[in-house]
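What follows is a short report on a single structure.
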């Protein structure tokens with residue numbers, strides 16, 4: 001009987017200690033990590049919080065106590081919970097590593113925002129791709145194409161009807177793509193588009209493109 005009581009006492013003490021032990025790998029509110037990352041980027045670039053956009057957040061387990069940061073400090077090789085937060089502002093993309101409490105441990109990466117826009121121009125009537133068609137691409141400062149525009153450039157479709165353009169800089173919330181009616185291809189209307197939304201008879205708007213790829217498959221009715 002004494003042995004049973006002793007075992008029971010040990011089990012109770014073990015449970016008590018276990019209950020007092022802080023839970024491991026319990027992740028902080030993701031909002032804390034986002035808020036701290038935005039504050040850090042704001043101070044570095046002199047931006048207000050409203051000028052910074054959250055591209056992505058990811059809950060991760062880093063392989064060391066430094067949360068995957070390059071540092072001169074000695075890092076214990078233990079799994080450490082945290083977040084990777086990607087932000088965009090002033091034409092830059094900043095990626096932060098935070099710890100489990102949401103504290104920013106480092107700016108892991110910074111890069112210029114560049115958006116590759118690609119697509120094709122096709123004759124809806126014949127089904128053939130249109131070579132030598134001119135395509136104008138703009139970046140827009142709002143989540144729709146009713147905002148202020150900056151020209152990324154005008155490109156020409158190749159022999160297969162395909163084209164590619166690159167937009168860079170800030171702000172870039174939406175992409176505006178226009179087929180500029182080259183000589184010999186009078187366009188009556190735009191009946192179909194892959195992604196985005198029709199803006200007018202020869203223009204497409206890709207709204208709120210932060211963190212998204214842009215593929216403009218433009219199919220036009222051509223009277224030729």
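The values are calculated or read from the model by the stated rules, or taken from the named source; none is laboratory data. Quick caveat: nothing in here was measured; it's all calculated off a predicted structure. When we count neighbours, we look across all protein chains shown, and the Cβ atoms used for this are built from the backbone with ideal geometry, even at glycine.
So the values come out like this:
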| item | result |
| --- | --- |
| Selection status of residue 73, without any contact (Cβ under 8 Å) to a residue 12 or more places away in the chain and not in a strand (DSSP E or B) | yes |
| Test: residue in region 176-188 that is modelled with pLDDT of 85 or more, surrounded by 15 or more Cβ atoms within 10 Å (Cβ to Cβ) and either at positive phi or out of contact with any helix residue (DSSP H, G or I) (no Cβ under 7 Å at 6 or more places or on another chain) (or both) | yes |
| Filtered residue count, region 50-73, keeping only those that are out of contact with any strand residue (DSSP E or B) (no Cβ under 7 Å at 6 or more places or on another chain) and modelled with pLDDT of 90 or more | 1 |
| Which listed residue is in contact with a helix residue (DSSP H, G or I) (Cβ under 9 Å, 6 or more places away or on another chain), surrounded by 15 or more Cβ atoms within 10 Å (Cβ to Cβ) and farther than 21 Å from residue 214 by Cα, from 107, 87 | 107 |
| Hits in region 155-174 - residues which are part of a strand (DSSP E or B) and without any contact (Cβ under 8 Å) to a residue 60 or more places away in the chain | 155, 156, 162, 163, 164, 165, 166, 167, 174 |
| Within region 121-154, considering residues that are under 15 Å from residue 217 (Cβ atoms) and free of Cβ contacts under 8 Å to residues at least 40 places away in the same chain, the one surrounded by the fewest Cβ atoms within 10 Å (Cβ to Cβ) | 127 |
